[in-house]
Structures are given as structure tokens and as C-alpha cells.
Ligand code: SF4
């Protein structure tokens, strides 16, 4: 069913807690060991889930994130409540000893169908370096296999950063070999612990996007977060556009063929025109509403405001949805399909309607 993105989001991200046993180098939430004061209580969380029915049908998918969502002791009850409200339920757990077969099975009985797991390197050395825990790489691969054994579709999340960009072909191979159905690539925003990491240049981002179009031909879906210009690249390639003749793309493309052989299917890349505040809304651990988890612009709070009204009527979200941007994004022929990362525009200039500096287009 086509979804009117002015009326309802496709995804509601809920940061259930900031507590997490890990301390990853790129953490958006700068997660900490204990829950912060002000986290939504069970009672408040149940009320919040009920308000999501106000979007009507199709219901948005509730994506429970953190911190580590498994640190919420009431998670089973909340999953049950989501099911009672007919909200499709997805989970973004951290890989820690809390991620057990019993916990997965209990959540699956409450309707869990998709879980995302972060994998930030193709080797133990790089992944464990990002996660800060020796042995975490193997535990992550085992977590993906365990979820698959329980019938849960796995989305592998990978942050694109300078230290690990050359490993992307081998990570693609792991995505395919573990049977994950979706590979989602996060392009850095200078927020949380991400401010300590090196972004790629706009030209390099373009090369990575072309590589991702290629990678999407190996049986899994490829999506990006905070790189909506990937959709422009997908559209350009579909119209016969060629990849750039530059060194990074050449190395990544050669690596892909060396690891995975010749592609065996058509591109399976995301083409929906969603962006922060258009098809997506974020609820913080304390109920704060923002256009996304990477765009700390307060739209209200679920304790006081109706999320349905905020999504439909907040002036900023209306401007984002109508692609009323300034700078290059404002004059770009792809501003509706892409629209640039609103979070990166905000981080760079303080204007959530400004241009996305990570995109080289129009060059
Ligand atoms: S200029 Fe802006 S709208 Fe156009 S492709 Fe780049 S990021 Fe997207």
C-alpha cells in the first residue's frame, strides 16, 4: 500500500534507554552504563505506544533502539504492548551477554521479525577496535547466526568511516555469508562519539555509493542512513550512468568481485524518498521528539505532545517534507528523491534546511 508520508511515518525510532554495556567509538547516543534519569517509565512507554495507533493504518514500524534496548527490563511487556497495538516491531540490540537465545525467542513470540546488528569491520582487529571489546567480532557473527536460526531477519549495520572503508567488500561478503537480508550503511554525522571519527570527502562518499549499488546485486538489500544521495546515485546508474573512474571506487569494486565473484542479480537498493522527518521520526529516552536520532532539534516531547500532531503539523517537518531547502539541495533536481541529510546540514551550519555538505552534487 503506498504510504502518504505527510500523514504517517514508515519508521518510528524509539531510544528506549541510553544504558549500554558497550562504549563504541561512533555511538550517536554516547551511551553509558546506567539508565539516565528521566527515561520513560513503563507506564509512560505503554501510553506512548498507544498514541502511535493515531497514525492509522498502515501502522509505522516501531524500531526499539538504545543504548542497548535489552537493558530495558520491561522489554517483553513493551513488545507485547506493541503487538496489542498492531505495531510491527523491530529491535536494534547491542551484542552483549544480554542477547541470549531465550530472550530472542521470547521477543519473537511477541512478533519480533527484524533485528539489526552492528558490524564495523571485516576482521576481529578492526571491529573489536571500534567496539572496544576483544572477542566482540566473533560474538557479533554468532549473534547474527543465532537470530537467523530463530527465524529473525537480520539487518547488518555498518558505519562508513575512513579507518575501515577499505574493508567494505569483505564486510559485504560477511553479510552474504551470514544470511543477513539487509545491509545498512551509516554515513557519519559529527554528533555523539562520532565527532572523533574521520568522515570521507564528498567525492569519496560518491565512490562508496557507486560501490554500494554494485554490492546490492549480491542478494541482499542495501540501504543508507544519513546518505540519501545514495538514491540519486541509484537513479543515475539505473539510467545508464557510469561509476566514477577514481581510485577508491576501483579498489572497492575490484574487492567486491574478488570476494563475491560476479554479481548474480539486479540491484536491490533503497529507493523510497524518506529522510529525517519525512517517513522517519525519533523519540529519545526521555520522550524528546526529534526528526531523527542524528538531528537534535526538539519538536516536543511525548510526555506533553501528541506525536501524530507533531509529525503532521510541525513547521520544520512540513518544510523538510516539501523539500524547502537552501543552498545546493534547494536547487537540486533530486531534492525530492534525496533531499540531503538534514542532520548533517544541521551539524554543519545550524540550519536543518541547509545543504548537505557531504554530497558533491551538482559538481
Ligand atoms: S545536492 Fe542535496 S538534494 Fe541534491 S543529491 Fe546532493 S544531497 Fe541530495
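The values are calculated or read from the model by the stated rules, or taken from the named source; none is laboratory data. Values in this document were obtained by computation on a predicted structure and should not be read as measured data. Note that we place each Cβ from the backbone using ideal geometry, even for glycine, and neighbour counts take in every protein chain shown.
Count of the range 292-331 residues, restricted to those that are within 16 Å of the ligand (Cβ to nearest atom), touching a residue at least 60 places away in the same chain (Cβ under 8 Å) and assigned to a loop (DSSP other than H, G, I, E, B), is 1. When the criteria are applied in full, residue 275 meets the requirement of being modelled with pLDDT under 95, under 22 Å from the mean Cα position of the chain (by Cα), within 12 Å of the ligand (Cβ to nearest atom) and surrounded by 21 or more Cβ atoms within 10 Å (Cβ to Cβ). Considered as a group, the residues in the range 179-198 that are buried (at least 18 other Cβ atoms within 10 Å of the Cβ) and touching a helix residue (DSSP H, G or I) at 6+ places or on another chain (Cβ under 8 Å) include one that is modelled with the lowest pLDDT, and that residue is 191.
Whether a residue is in contact with a strand residue (DSSP E or B) (Cβ under 7 Å, 6 or more places away or on another chain) and modelled with pLDDT under 95 was assessed, and residue 19 passes this test. If you go through the range 341-357 and keep only what is more than 11 Å from the ligand (Cβ to nearest atom) and in a loop (DSSP other than H, G, I, E, B), you end up with 350, 351, 352, 353. Applying the set (1) in a loop (DSSP other than H, G, I, E, B); (2) within 21 Å of residue 17 (Cα to Cα); (3) without any contact (Cβ under 8 Å) to a residue 24 or more places away in the chain to residue 289 leaves exactly one unmet item: (1). Taking the numbered list (1) in a loop (DSSP other than H, G, I, E, B); (2) closer than 30 Å to residue 16 by Cβ in turn, residue 360 passes all entries but (2). List the pairs whose first member sits in the range 347-363 and is over 16 Å from residue 201 (Cα atoms) and in contact (Cβ under 8 Å) with a residue 24 or more places away in the chain, whose second member is near the ligand (Cβ under 10 Å from one of its atoms) and assigned to a loop (DSSP other than H, G, I, E, B), and whose Cβ atoms are under 8 Å apart, counting only residues at least 6 apart or on separate chains? These pairs meet every condition: 353/325; 354/325.
Does at least one position in the range 224-242 carry a residue that is within 13 Å of the ligand (Cβ to nearest atom), within 24 Å of residue 147 (Cα to Cα) and not in a loop (DSSP other than H, G, I, E, B)? Yes, there is a match, as at least one residue in the range 224-242 is within 13 Å of the ligand (Cβ to nearest atom), within 24 Å of residue 147 (Cα to Cα) and not in a loop (DSSP other than H, G, I, E, B).
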